[in-house]
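Single-structure report; data block below.
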Amino acid sequence: MTFGEQPAYLRVAGDLRKKIVDGLLPPHTRLPSQARIREEYGVSDTVALEARKVLMAEGLVEGRSGSGTYVRERPVPRRIARSGFRPADTATPFRQEQADTSARGTWESGSEQAEASVPIAERLALQPGDRVMRTRYLYREAGEPVMLSTSWEPLAVTGRTPVMLPEEGPLGGMGVVERMAAIDVIVDNVTEEVGARPGLAEELHALGGVPGHVVLVVQRTFYASGRPVETADVVIPADRYRVAYHLPVK
């Protein structure tokens, strides 16, 4: 096989990728061995190894100890619906993170006081080191991990109030809008910025992902009369979910 200007290992990886996508190498099929790749494509062991590394980094194949490298099952992406904040009667944390009213799920959470880092202080219009309540969530639907969320609320707003702990007290387990309203803080706006990056090892472990996989990160901030009162990073596995927005037309 003659290769053009593209590095040989990328050409080999591209051909193998096409076979996987086209179904010629279906899920759970063993990937050709390094020796076979070398012979079939007329490349060196180094090129064959690098091509396999590319497919593994892309999440198309996985290594099985003592057995070899196999084509991974490719999940069919599902939609996570998002919109602005919801009415108070549906403002549970799971609904807060997924606007689809048919969505049912559970979550695990833990809250602790912390100092605002420089990025979080900027998002909350605070000084670095100001005290915040940090809450981490793991959301599941039908037992499957769906997304992670870490939220930060200024203790200057919620400190020494009944809603200081998002998952405890009379409004524990409700969303930001209803909890803030209980202390006369009226949320009237929310912004979301969506980006993508490689998942951190601990994120992918919690979400059942493969090292190197990409995650979507939704950076959300709630405002009350222009003042940010909560900000959060929502982390979603990009290979299993698509984020769909439902926006009202004014």
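General observations
- Accessible-area ranking of Glu122, Glu112, Glu97, largest first, probe 1.4 Å: Glu122, Glu112, Glu97
- Peptide packing for 222-231, 71-80, 148-157 was compared via the average number of neighbouring C-beta atoms within 10 Å per residue; ordered from the highest value, the list is 148-157, 222-231, 71-80.
- Ranked order, Tyr70, Tyr245, Tyr41 - accessible area, probe 1.4 Å, largest first: Tyr245, Tyr70, Tyr41
- Mean-position separation - Cα centroids, the range 38-60 and the range 162-241, in angstrom: 39 Å
- Qualifying trypsin sites (Lys or Arg not before Pro) for the range 160-249 [loop in DSSP, other Cβ within 10 Å: at most 15]: Arg160
- Pairwise label distance in nanometres, Ser117 with Glu62, each label 7 Å out on the Cα-Cβ vector: 2.9 nm
- Within-15-Å neighbourhood charge of Pro26 [Cβ basis; K, R +1; D, E -1]: +3
- The GluC sites (Glu not before Pro) of the range 3-49 that meet both conditions, a loop assignment by DSSP and at most 16 other Cβ atoms within 10 Å of the site Cβ, are Glu5.
- Over the C-alpha atoms of the chain, the Rg to Rh ratio, Rh being the Kirkwood estimate, stands at 1.11.
- The magnitude of the dipole of the range 137-198, with charges of +1 and -1 set on the Cβ of Lys/Arg and Asp/Glu and taken from the Cα centre, is near 180 debye.
- Take every Cα pair under 8 Å whose residues are at least 6 apart in sequence, average their separation, divide by the length of the chain, and the relative contact order is 17 percent.
- Annotation: peptides 16-29, 43-56, ranked by per-residue average of other Cβ atoms within 10 Å with the highest first, follow the order 43-56, 16-29.
The values are calculated or read from the model by the stated rules, or taken from the named source; none is laboratory data. Keep in mind the model is a prediction, meaning the values are calculated, not measured. Note that we place each Cβ from the backbone using ideal geometry, even for glycine, and neighbour counts take in every protein chain shown. Areas reflect the complete protein model, heavy atoms only, side chains present, ligands, DNA and RNA absent. Shrake-Rupley method; radii C 1.70, N 1.55, O 1.52, S 1.80 Å.
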